[in-house]
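Right, one structure below, let's go through it.
Nothing in this text is a laboratory measurement; each read-out follows from the coordinates by a stated rule. The structure displayed is predicted, hence computed values, not measured ones. Counting neighbours? That spans all protein chains shown, and the Cβs are built from the backbone with ideal geometry, glycine included.
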Amino acid sequence: MAKPNYSYEKRQRDLAKKKKKEEKRLKKQSGRPDADTASPEDVSSEENTAPPTGDTTSD
């Protein structure tokens, strides 16, 4: 019977953890600018009172 390669299994678990952690960090980073600029209540009141100005296109 073959001996289990624990080092390989540990490496795969570590890679999966790193990948998941990186995805979570990117998700947080992409959502952060919206949360820092204004709360949802502020955004809705601004939209109702004044027309949007400036460049509204996003890349």
Net charge, Ser7 excluded, C-beta distance under 12 Å - Lys, Arg +1, Asp, Glu -1: +2
Residues of type lysines that Lys27 reaches as a straight line, Cα spacing below 16 Å, ignoring anything fewer than 8 places off in the same chain: Lys17, Lys18, Lys19
